[in-house]
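Computed from the coordinates by the stated procedures, all read-outs in this text should not be read as laboratory data. Since we're looking at a predicted model, the values are computed, not measured. Note that we place each Cβ from the backbone using ideal geometry, even for glycine, and neighbour counts take in every protein chain shown.
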Amino acid sequence: MDNTYNTQNRKSDHIRINLDENVRSGVTNGFEKYFFVHNALPELDLEKIDTTLVFLGKPLRVPLLISSMTGGAVESGRINRNLAAAAQQTGIAMGLGSMRAALEDQELGQSFKVRQYAPDILLFANLGAIQLNYGYGVKECRMAVEQVNADALILHLNPLQEALQPEGQTHFAGILEKIEKVCRELEVPVVVKEVGWGISEAVARKLKNAGVAAVDVAGAGGTSWSQVEMYRSRNEADARISNHFINWGIPTAESIQMVRRSVEGLPIIASGGLTNGIDLAKSIALGAKLGGIAGRFLKAAVISEEAVVNLVQEISRELQIAMFAAGAGDLEALRNTPLSRDVRIHD
């Protein structure tokens, strides 16, 4: 069985399992511990709340990213087209799924080519950082970016997932130096993200020193890829091992603060269990520039472009209302709005 066949079928497995099975982490995203102090006198007009920003040189209407999900399987093409067209219509950013399949097979690469549907959006190409230890280098990173006319490249870190995959690649020694080389030589910004277990202070400092343009914490609290791999396990022992990691990872709310404390000025993308505009607002108040959502967008994209647009509008409206009720007229004000921890008044 060749590598292309393996990659294509793995991507199909991932789509099916994420849609059909319960793959949520046993860890919460941590946002339930934090609360905005309600402002009963905001001195603001709701419809004038400003959610716009510029990120990596591109204007966004809302600080929202459709997180990297899929590509490299036949069914991925329609999903990505719906996501991209909706991102264009609503003015948000989009990350493509891991593009290894696109570099292995030109035909599979078509599922990633969405720029014609979204000429203006902030678009991220995506490769696994582990591939830098398995023959990939700056050349392949450049090819991924050019193939989809992306504005930036995401390199994702997934050591635990690779350790649990039947076909996992686990030679992670020496990757940091290679990430640094890509950051130095690639013509577009490089973002490094986890896939659902979070970024710690120590890792954030290393990535900052390597020259990354931003970090996506992708913390625990949303999709657990250990659970996804549990459903792909070849035997009961492997399934049990994967299931035992259901509670692994740094909750997203904590990971945001770890990165913010450890590396001043490094832009943070918050993903990992965000489901609505209130989560998005809390992410920004804790220190993120953007919030990323995957699972809800995948389910909407399977239905239609309109379903994705409706979901973006719902999340955007929730964000706007949360900002209004917290007394923050724009995102800079929101970033300077303190959150209270575990504050509940009981009779």
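Observations, loosely collected:
- Think of the chain as having a plus end and a minus end, set by charges on the Cβ of Lys, Arg, Asp and Glu; of Ala270, Leu207, Leu64, Leu207 sits farthest toward the positive end of this dipole.
- For the chain, alpha-carbon Rg relative to the globular expectation (2.2 N^0.38 Å, N residues): 0.95
- Too-long pairs where the Cα-Cα distance tops 31 Å, listed order kept, from Lys58/Lys181; Lys181/Lys282; Lys113/Lys282; Lys33/Lys178; Lys33/Lys181; Lys48/Lys289: Lys181/Lys282; Lys113/Lys282; Lys33/Lys178; Lys33/Lys181
- In nm, spacing of pseudo-spin labels at Asn149 and Lys48 (7 Å Cα→C-beta vector): 3.9 nm
- Candidates Ile175, Ile268, Ile79, ranked by Gaussian network fluctuation over the chain, Cα under 10 Å, top entry: Ile175
- Highest mobility in the GNM of the chain, judged by mean-square fluctuation with C-alpha springs under 10 Å and restricted to Ala202, Ala102, Ala150, is found for Ala202.
- Efficiency of FRET from Cβ geometry, Asn310 and Asn247, R₀ 41 Å, rounded to 0.05: 0.75
- At 0.692 mPa s and 37 °C, Stokes diffusion of the stretch 221-288 via Kirkwood alpha-carbon radius, µm² per second: 242 µm²/s
- Near Val27, the amide H atoms lying under 5 Å from its own belong to Gly221; only residues 5 or more places off or on other chains count, and H is placed 1.01 Å from N.
- Whole-percent pair-distance distribution, where bins are 10 Å wide, for the alpha carbons of the stretch 16-138: 11, 29, 32, 20, 7, 2
- Ranked packing of 309-321, 211-223, most packed first, by mean Cβ within 10 Å: 211-223, 309-321
- Considered as an equivalent ellipsoid built on the Cα gyration tensor, the stretch 197-247 has semi-axes of 30, 10, 9 Å, the largest given first.
- Phi-derived couplings, Karplus 6.51 cos²θ - 1.76 cosθ + 1.60 at θ = phi - 60°, listed residue by residue for the stretch 324-336: 4, 6, 9, x, 10, x, 8, 5, 5, 5, 5, 5, 9 Hz, with x used for Gly and Pro.
- Placing pseudo-labels 7 Å out from each Cα toward the beta carbon at Gln106 and Thr28 gives an inter-label distance of 5.2 nm.
- Hydrodynamic estimate: the Kirkwood radius of the stretch 257-347 over Cα pairs, inserted into Stokes-Einstein at 37 °C and 0.692 mPa s, corresponds to D of 229 µm²/s.
- About its Cα centre, the dipole of the stretch 115-213 is roughly 200 debye, where the only charges are +1 on Lys and Arg Cβ and -1 on Asp and Glu Cβ.
- Think of each Lys and Arg Cβ as +1 and each Asp and Glu Cβ as -1; about the Cα centre, that makes the dipole of the stretch 3-341 roughly 400 debye.
- Potential lengthening between Arg317 and His38 on full extension [0.36 nm per residue; Cα-Cα distance subtracted]: 98.7 nm
- For the chain, a Gaussian network of Cα nodes joined below 10 Å ranks Gln147, Gln161, Gln106 by mean-square fluctuation, and the top entry is Gln106.
- Between helix 175-185 and the chain: long-axis angle, C-alpha atoms, 0 to 90°, nearest 10: 80 degrees
- Multiplying the residue separation of Lys139 and Ala163 by 0.36 nm and removing their Cα-Cα distance gives an extension gain of 6.0 nm.
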